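A.B. asks: Structure provided below as structure tokens; questions to follow.
The values are calculated or read from the model by the stated rules, or taken from the named source; none is laboratory data. In this text the structure is predicted, and so the values were computed from the model without any measurement. Cβ sites come from the backbone with ideal geometry, for glycine too, and all protein chains shown count toward neighbours. We work out accessible area using only protein heavy atoms, side chains counted, and drop any ligands, DNA or RNA first. Shrake-Rupley method; radii C 1.70, N 1.55, O 1.52, S 1.80 Å.
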Amino acid sequence: MASDEIHCGSTQRNWVSLLPTGERERVLRQLAPEDRQLALATRVLIRAVISAYLGGNPGHWRFDASPTGKPFLINAPKPVAFNLSHSGNLVACAIAGEQGIGVDIEDSHVERDFLALARRFFAPQEYTELASLPAAAQADYFYHLWTLKESHLKARGLGLANGLDSYRFQRDSHGEYHLSAPPDTSGQWQHRLLSAPPDYQIAISRYSTHQRPPDIHVETFRMDSERLLTLWRADNTHPICNS
């Protein structure tokens, strides 16, 4: 979702008024207009997605946070986990019926020293593989690894302080990425790169308690302000869509 879909002026004030008092205050504490818009869009999106998944009015949901800062729902009618990420003016959300879901989105057109960052933050083998690629291929490989590693940490409820170099992803001959160190022997972790708008990279990680976890279902949609307001004001007693 693009945060600039939550327009400024009266429409934005209407959105702010729908939030619970605590969230409303946190949004209004953002001094920069773009920060306020992003904070508002993030809260609007997660509430709308949860209602699409569980049913119910988006204003009904109440949240808390783990000691590491990961938010969770305290009044869900059934188990649900979610995760959020934002970069540039885009916000991404992942939701699942089990704990252990993480998503990361990165603005990949920003110029960076990929080798220096990989040397500092990645596992040694990942840095070696990146450095061996032609310069033109390094950006995509870097962002593939970065988003996969961040989404994995977020799915585990850990922060970056735990170290992106503490585990390693490896790309196979088909271009698929697998967690190889520590060994991913459980068969319960799933990691996937998702289709993204131009100049962005998105990855999702999920842990399932099933020995043969179901495939990750991805649905990309764009909701304008009027559609979101209709959803918010409706008395949704049944899910709008399933995932």
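A.B. asks: Can you give me the number of residues within region 15-60 that are outside any helix (DSSP H, G or I) and free of Cβ contacts under 8 Å to residues at least 12 places away in the same chain?
C.D. replies: 4
A.B. asks: Something else: Can you tell me which residues in region 122-148 are part of a helix (DSSP H, G or I), open to solvent by 60 Å² or more (accessible area, probe 1.4 Å) and not hydroxyl-bearing (Ser, Thr, Tyr)?
C.D. replies: Applying the first criterion (part of a helix (DSSP H, G or I)) to region 122-148 yields 124-131, 135-148.
Checking which are open to solvent by 60 Å² or more (accessible area, probe 1.4 Å) leaves us with 124-125, 128, 135-136, 140.
Matches in region 122-148: Pro124, Gln125, Ala135, Ala136, Asp140.
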